[in-house]
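Student: The following block contains the structure, expressed as structure tokens.
The values are calculated or read from the model by the stated rules, or taken from the named source; none is laboratory data. All values reported here derive from a predicted model rather than from experimental measurement. In this analysis, Cβ positions are derived from the backbone assuming ideal geometry, glycine residues included, and neighbour counts consider all displayed protein chains.
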């Protein structure tokens, strides 16, 4: 049998090639809070402020949602607003860079806000601003793929499932502790249907006409449907 030796330099070269061949996982962008989003998307913000997602943290307060808590075997007189097993699905970016911190609860991260669905915005928000200026001044458009590469979410379903389907025995493959106690077994209304929920303006927000700044894929399946019925948006600051 023929034998052979591999030099140290060859082994190092093989190891280096293997490392370079690994997929590079991008770090998740930091959360910023909805104040900066609402500086351009005023209509969406005002609509969202009336939704159940906007008031999500309030439901963890003592005396709130008493009937629902009793059915789920929770104490309706207890304050769950700082409970690490609960708060993550009632605020924006809990436990993440720039996200909600119970020790310093910034008001623009209270509730299930813009970045809960669209992804943390520190990187893609800058693209929005520059692209908006280019479109307004020169009618230049920007590919949506730049937003996706910077962390903007366009399909949403997994972000929604992470809270609404995260219960023991769920059909969702990502379910893991801490589970939500609000399950379809407790009340059928907790059976989550993404296609229905995303069209519920009382849960999400109304959708408004986009001006054409961004073009191409990716786009959610319901984009054309929503845009065909959308109203013109009002631009301006939150405060």
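Student: Can you name every residue in segment 188-226 that is in a helix (DSSP H, G or I) and under 21 Å from residue 153 (Cβ atoms)? Even if it seems obvious, please write down each step before you answer.
Tutor: So in segment 188-226, the residues in a helix (DSSP H, G or I) come out as 188-190, 194-197, 223-226.
Once the filter is applied, which keeps residues that are in a helix (DSSP H, G or I) and under 21 Å from residue 153 (Cβ atoms), segment 188-226 yields 194, 195, 196, 197, 223, 224, 225, 226.
Student: Can you tell me which condition residue 153 does not meet? The list is (1) touching a residue at least 40 places away in the same chain (Cβ under 8 Å); (2) crowded, with 19+ Cβ neighbours inside 10 Å, and all the others hold.
Tutor: (1)
Student: Pick out the one residue from 148, 162, 175, 185 that is in contact with a helix residue (DSSP H, G or I) (Cβ under 9 Å, 6 or more places away or on another chain) and in a loop (DSSP other than H, G, I, E, B).
Tutor: After ruling out the rest, the residue left standing is 175.
Student: Here is a list of conditions, (1) in contact (Cβ under 8 Å) with a residue 40 or more places away in the chain; (2) more than 25 Å from residue 149 (Cα to Cα); (3) touching a helix residue (DSSP H, G or I) at 6+ places or on another chain (Cβ under 7 Å), and residue 72 meets all of them except one; can you say which number that is?
Tutor: Unmet for residue 72, out of (1) in contact (Cβ under 8 Å) with a residue 40 or more places away in the chain; (2) more than 25 Å from residue 149 (Cα to Cα); (3) touching a helix residue (DSSP H, G or I) at 6+ places or on another chain (Cβ under 7 Å): (3).
Student: Then there is this: Consider residue 119 carefully, then state whether it is surrounded by 17 or more Cβ atoms within 10 Å (Cβ to Cβ) and farther than 23 Å from residue 207 by Cβ.
Tutor: no
Student: Might you let me know whether segment 193-202 holds any residue that is within 18 Å of residue 59 (Cβ to Cβ), without any contact (Cβ under 8 Å) to a residue 40 or more places away in the chain, within 16 Å of the chain's Cα centre (by Cα) and surrounded by 14 or more Cβ atoms within 10 Å (Cβ to Cβ)?
Tutor: The answer is yes; a qualifying residue exists.
Student: Also, I was wondering about something else. Is it the case that some residue within segment 99-106 is within 20 Å of residue 203 (Cα to Cα), surrounded by 15 or more Cβ atoms within 10 Å (Cβ to Cβ) and touching a helix residue (DSSP H, G or I) at 6+ places or on another chain (Cβ under 6 Å)?
Tutor: no
Student: Now for a different question. Here is a list of conditions, (1) in a loop (DSSP other than H, G, I, E, B); (2) in contact with a strand residue (DSSP E or B) (Cβ under 8 Å, 6 or more places away or on another chain); (3) surrounded by 18 or more Cβ atoms within 10 Å (Cβ to Cβ), and residue 131 meets all of them except one; can you say which number that is?
Tutor: (1)
Student: While we're on this one: Would you pick out the residues in segment 217-239 that are modelled with pLDDT of 95 or more, surrounded by 13 or more Cβ atoms within 10 Å (Cβ to Cβ) and over 16 Å from residue 118 (Cβ atoms)?
Tutor: 227, 230
Student: Give me the pairs, please: first residue somewhere in segment 79-104 and on the phi > 0 side of the Ramachandran plot, second residue anywhere and part of a loop (DSSP other than H, G, I, E, B) and surrounded by fewer than 19 Cβ atoms within 10 Å (Cβ to Cβ), beta-carbon distance under 7 Å, and either six or more positions apart or on two chains.
Tutor: The qualifying pairs are 98/30; 98/122.
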